[in-house]
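Structure, as structure tokens:
We did not get these values from a lab; they are worked out from the coordinates using the rules stated. Predicted, not measured: the structure shown is a model, and the values here were computed from it. Heads up, the Cβs are rebuilt from the backbone with ideal geometry, glycines too, and the neighbour counts pull from every protein chain shown.
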Amino acid sequence: MSETGASAPIRASEALRKKLAKIGLHREADLLVHLPLRYEDETRVTPVAAAGGGEPRQVEVVVRSNEVQFRPRRQMVVRAADDSGEIVLRFFSFYGSQQAALAEGTRIRAFGEVRGGFFGAEMVHPRFRRVVEGDPLPAELTPIYPSTAGLANSALQKLIGTALAGADLADTLPDDLRRRLGLPELARSLRFLHAPPPGTALDALHARNHPAWQRVKFDEVLAQQLSLRRAYLARRAQGAPVLVARDDLGARLLDSLPFGLTGAQARAMAEIGSDLAQPHPMQRLLQGDVGAGKTIVAALAACQAISAGWQAAFMAPTEILAEQHYLKLVGWLEPLGVKVAWLSGSLRSKAKRAQLAAAAADAQLVVGTHALIQEGVDFARLGLAIVDEQHRFGVAQRLALRKKGDNPHQLMMSATPIPRTLAMSYYADLDVTVLDELPPGRTPVRTRLVADGRRGDVVGFVGQHVAEGRQAYWVCPLIEESETLQLQTAEETFATLAAELSGLTVGLVHGRLKADEKQAVMAAFAAGQIDVLVATTVIEVGVDVPNASLMVIEHAERFGLSQLHQLRGRVGRGAHESSCILLYAGPLGETARERLKVIYENSDGFEIARRDLQLRGPGEFVGSRQSGVPLLRYADLELDADLVEMARGVAETMLTEHPELAERHLQRWLGSREELLKS
Ligand code: ADP
Ligand code: MG
């Protein structure tokens, strides 16, 4: 399916090809879309005396001397001059060949920013070329390409020029569609960007909002959308067990609850229920802010699978959370006659054997951690795989759970709300259900920022809070670099607080505790036997103790935004007014200050996520593979949101109405880059 020569490897020497490969250039077609970072105007020469002023200039000078100096550091210092004055060209890294090329008496044109140095005008690392007097100036602007060490811009320019001359740049957008989108032709856009005519205003080009750039970015985003969408459709086309309830298990679960579903929960369940009844695997993400009530929706989905005669698996990222789910699900479902199994890494071998046997035989629901996807875990009839806090798992792990059955349905859950623009590419291979309503009776959490110096007051406040019959979390500072140090800090905090709050029961939970110890602490806290729970971020996700209505986070400035939001979500779950105290130690860096401000001012998870995206960028936000970002070089998911939206619709129609154009489009823009998504 290749256009003429598009997938042909680049014709160049072995050595050159290696360098090109370093910057992702393998095929002739890759050269066409390797676009300039910026342009330099070498169509004019400026006299040295007039070349200052901050703008990059071209001067034409004759080398007077060239020496390598070693102080203050190794450098090549070239003195050169024209009729108007002298200039120093300074190189801190250079090859022997460059030294030879700049021998005394050589005439060169050098391009760069001229600064008034101590010894007069100077350029640092200018681009230069040797000329003879009267050599014609280039007629066009010089495109400056992204490159790598030892790969000259002029070499790239030449290769790309040749590729462009022989290329088939036939448009992959049908003409009428292209006009409707208000985009210029691709061939024109690419030729223009590689070689804009002299006199072109460089601002729009450098800012990349010129129509030619719009076209390029659109094409790139379209390729990304096509790729993700195609993967989604391929999976949709497979068969899956049809999960139609054969009894009233779900209804009985609902009847047994002390609350009714919110409208959002009921809508979500209706969507999921109808997906499960299809003969194709569901790939749905249930997204809802912290505390929105995702667990019960998942339990109802599990009921549908169970009642259809299949098994459901429920995987959570931490032992504490998995355990809590297990206890909750057992409490809900065992009275209704459902057999629930439990798998975690810390099970002793005898218990583990029993649970494994259950999963392979008559267990109807299997709850656990990553232990669920280990080798040796077999399911009798896995029909539905549920993954809680799915962003905590890697692609491979989610896939591994799916592989435990014969194409089971998949329900993923996340409390990390992904901003809409990012969601369009992150979730292009998923259907999304949003729980946009919190259960009634939630009290907003009062957030306070308190400087470290007032820690004593805060301890007093905790004591008062407990005296009113409620409980508190005290979250220890995050020490990312060292788990040992983290643990040590947690133990110290625990000891200090226990002393400061004598008379109260203070508990400690952290990641290094054995599973049964963790469980015992969490159970005691849930039962109200512990007043103040000192904890590391192990309590970050999912933990649900409604009577705990105060949270103190020490060194809040060290935490990420989504972490703070998740942590804060542990309180505000009961009828009492809740507070979250963020203790911080100055002086604060700019991002830390910004993060604290965002968390202080906002309680809406979506808004916080949007700000987080701005602060961190999409790659870090959801993990770079998931964001589909490896596929994007020119477009920016946030800045070019309108293009993403346009491309999403076009991808849909293109795949069904013009599959051959879609294929060519993908070839042109992605080629081998699509592999990036699979790693
Ligand atoms: P999350 O979406 O963060 O996973 P959970 O499923 O842990 O939220 O639910 C948070 C709390 O809200 C739990 O105690 C749960 O039992 C309760 N809850 C869920 N749905 C409702 C509802 N419709 N009405 C009242 N409480 C509910
Ligand atoms: Mg949850």
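Using the alpha-carbon centroid of each, what span in Å lies between the stretch 640-670 and the stretch 447-473?
55
Sort the stretch 44-137 into rounded, prolate or oblate with this rule: let a ≥ b ≥ c be the square roots of the eigenvalues of the Cα gyration tensor; rounded if a/c is under 1.5, and if a/c is not under 1.5, prolate when a/b is larger than b/c, oblate otherwise.
On the way: a/c = 1.75, a/b = 1.20, b/c = 1.46.
Oblate is the answer for the stretch 44-137, as a/c is 1.5 or above yet b/c matches or exceeds a/b.
Once every DSSP H run of n ≥ 4 in the chain is given -39500 (n - 2.57) and the sum is divided by its residues, what mean residue ellipticity at 222 nm do you get, rounded to the nearest 500 deg cm²/dmol?
Roughly -12000 deg cm²/dmol at 222 nm, from the helical runs in the chain.
Residue farthest toward the positive end of the dipole of the chain, with Cβ of Lys/Arg at +1 and Asp/Glu at -1: which of Ala15, Leu384, Trp310?
Ala15
So what is the relative contact order for the chain, in percent, with contacts set as C-alpha pairs under 8 Å and at least six apart?
Values: 1211 pairs, mean separation 87.2, N = 679.
Relative CO of the chain lands at 13 percent.
Please list, in order along the stretch 560-565, the HN-Hα scalar couplings obtained from phi with the Karplus expression 6.51 cos²θ - 1.76 cosθ + 1.60 (θ = phi - 60°), rounded to whole Hz, x for Gly and Pro.
x, 5, 5, 5, 4, 5
Under a 5 Å amide H to amide H cut-off, with H placed in plane at 1.01 Å, what residues pair with Leu508 once short-range neighbours are removed?
Here Val534 satisfy the definition.
Sort out for me the Cα centre separation of the stretch 82-147 from the stretch 491-562, rounded to whole Å.
Between the Cα centres of the stretch 82-147 and the stretch 491-562 lies a distance of 64 Å.
Shape of the stretch 445-602 from its Cα gyration tensor (a ≥ b ≥ c, root eigenvalues): rounded if a/c is under 1.5, otherwise prolate when a/b > b/c, or oblate? Intermediate results must be reported in sequence, preceding the final value.
Numbers: a/c = 1.42, a/b = 1.21, b/c = 1.17.
Taking the square roots of the gyration eigenvalues as a ≥ b ≥ c, the stretch 445-602 is rounded.
How do Glu133, Glu652 line up, fewest other C-beta atoms within 10 Å first?
Values: Glu133 7, Glu652 14.
The order, fewest Cβ neighbours first, is Glu133, Glu652.
Would you list Ser549, Ser562 from fewest to most Cβ contacts within 10 Å?
Ser562, Ser549
Based on the mean of other beta carbon atoms within 10 Å per residue, what is the order of 207-218, 90-101, 144-155, 592-603, most packed first?
Result, highest mean Cβ count within 10 Å first: 207-218, 592-603, 144-155, 90-101.
Could you give the dipole magnitude of the stretch 1-119 about its Cα centre, charging the beta-carbon of Lys and Arg +1 and that of Asp and Glu -1, in debye to the nearest 20?
Around 580 debye, computed over the stretch 1-119.
Can you list the residues, at least 5 places off or on another chain, whose amide H is less than 5 Å from the amide H of Gly85, using H built in the peptide plane?
Here the answer is Val48, Ala49, since their amide H atoms fall under 5 Å of that of Gly85.
Counting Lys and Arg as +1 and Asp and Glu as -1, each charge on the Cβ, what is the dipole of the chain about the Cα centre in debye, to the nearest 20?
1180
If the only charges are +1 at each Lys and Arg Cβ and -1 at each Asp and Glu Cβ, what is the size of the charge dipole of the stretch 249-435 around the Cα centre, to the nearest 20 debye?
Working: 17 positive and 15 negative charges, 66 e Å.
For this selection, approximately 320 debye.
Find out how many positive minus negative residues lie around Asp516, taking Lys and Arg as positive, Asp and Glu as negative, among other residues whose Cβ is under 14 Å from that of Asp516. The partial results should precede the final answer.
Values: positive: Arg348, Lys352, Arg512, Lys514, Lys518; negative: Glu319, Glu323, Glu517.
My count for the surroundings of Asp516 gives +2.
Between beta-carbons, use under 13 Å as the cut-off and find the net charge around Gly383, counting Lys and Arg +1, Asp and Glu -1.
+2
In cubic angstrom, how much convex hull volume per residue do the alpha carbon atoms of the chain span?
Each residue corresponds to 204 Å³ of Cα convex hull volume.
Indicate the gyration tensor shape class of the stretch 151-275 (rounded, prolate or oblate), computed on the Cα atoms with a ≥ b ≥ c the square roots of the eigenvalues: a/c under 1.5 is rounded; otherwise a/b larger than b/c is prolate and the rest oblate. Numbers along the way, then the final one.
On the way: a/c = 3.76, a/b = 2.93, b/c = 1.28.
Because a/c hits 1.5 or more and a/b exceeds b/c, the stretch 151-275 counts as prolate.
Run through the DSSP bridge list for the chain and note the antiparallel percent, rounded to the nearest 5.
That works out to approximately 35 percent antiparallel.
Counting pairs of alpha carbon atoms under 8 Å apart in space and at least six apart in sequence, what relative contact order in percent does the stretch 44-137 give?
Computed value for the stretch 44-137: 30 percent relative contact order.
Exposure proxy check: His409, His370, His280 ranked by fewest other beta carbons within 10 Å?
With the fewest neighbours first, His409, His370, His280 line up as His280, His370, His409.
Restricting attention to the alpha-carbon atoms of the stretch 249-435, what are Rg (one decimal) and Dmax (integer), both in Å?
Rg then Dmax for the stretch 249-435, in Å: 15.4, 49.
Please list the non-local residues whose amide H lies under 5 Å from the amide H of Gly345, H modeled 1.01 Å from N, same-chain partners needing a gap of 5 or more.
Thr369, Ala371
Spelling out what I want: for every residue of the stretch 30-47, take phi, set θ = phi - 60°, compute 6.51 cos²θ - 1.76 cosθ + 1.60 (Karplus), and round to whole Hz; glycine and proline get x.
Result, rounded to whole Hz: 5, 4, 4, 9, 8, 9, x, 6, 6, 10, 10, 8, 9, 7, 10, 10, 10, x.
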